[in-house]
Amino acid sequence: MKVILRGRCISKGTAEGHALVTSKPISFLGSVDPKTGTIIERTHELKNKNITNKIIVFPFGKGSTVGSYVLFQMKKIGTAPKAIINYEAEPIVAIGAIISNIPLIDKLDQNPVEVIKTNNFVRVNATEGTVEIGE
């Protein structure tokens with residue numbers, strides 16, 4: 001059964017792929033190895049998981065403003081996620097997504113961390129403010 005969520009566009013664009021979901025915030029400076037796209041934060045529930053070409057779903061970002069530029073670097077070298085879905089985007093992730101042309105959507109009508117499951121196939125149309133969740 002297909003579920004469609006509606007939310008706010010932060011960074012325009014479309015993407016589709018498999019979701020990687022966490023209930024924990026992510027810092028692109030400290031939580032992720034930008035060279036590989038792997039979560040390296042020792043205590044993070046996604047430790048050793050790779051976000052490259054995934055639709056990454058997390059509540060919000062954390063950490064230094066340098067995180068925006070780390071996300072930009074990841075996009076340039078091919079280790080970035082295809083799209084980002086946040087419960088509520090904060091400025092560091094928002095700026096990183098915008099300068100990197102990574103679709104980012106937040107403030108969905110349901111909490112995406114609770115509705116989307118890891119490995120669900122997801123279509124993000126941030127421009128129109130929709131997220132379609134498949135199986």
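Within segment 1-32, being crowded, with 18+ Cβ neighbours inside 10 Å, under 14 Å from residue 82 (Cβ atoms) and either hydroxyl-bearing (Ser, Thr, Tyr) or touching a Cys at 6+ places or on another chain (Cβ under 7 Å) (or both) holds for one residue alone: 11. Residues that are closer than 17 Å to residue 23 by Cβ, in contact with a Ser or Thr (Cβ under 6 Å, 6 or more places away or on another chain), part of a loop (DSSP other than H, G, I, E, B) and at pLDDT 95 or above: does segment 46-65 have at least one? Checking segment 46-65: at least one residue is closer than 17 Å to residue 23 by Cβ, in contact with a Ser or Thr (Cβ under 6 Å, 6 or more places away or on another chain), part of a loop (DSSP other than H, G, I, E, B) and at pLDDT 95 or above.
Only one of the listed residues (19, 89, 15) is more than 18 Å from residue 134 (Cα to Cα), out of contact with any helix residue (DSSP H, G or I) (no Cβ under 7 Å at 6 or more places or on another chain) and either touching a residue at least 60 places away in the same chain (Cβ under 8 Å) or in a helix (DSSP H, G or I) (or both). That residue is 89. Residues in segment 33-79 that are of a type in the set (Ser, Thr, Tyr) and surrounded by fewer than 18 Cβ atoms within 10 Å (Cβ to Cβ) were compared, and the one that is nearest to residue 91 (Cα to Cα) is 65.
The values are calculated or read from the model by the stated rules, or taken from the named source; none is laboratory data. Because the structure is a prediction, the values reported are computed rather than measured. We place every Cβ from the backbone using ideal geometry, glycine too, and count neighbours over all the protein chains shown.
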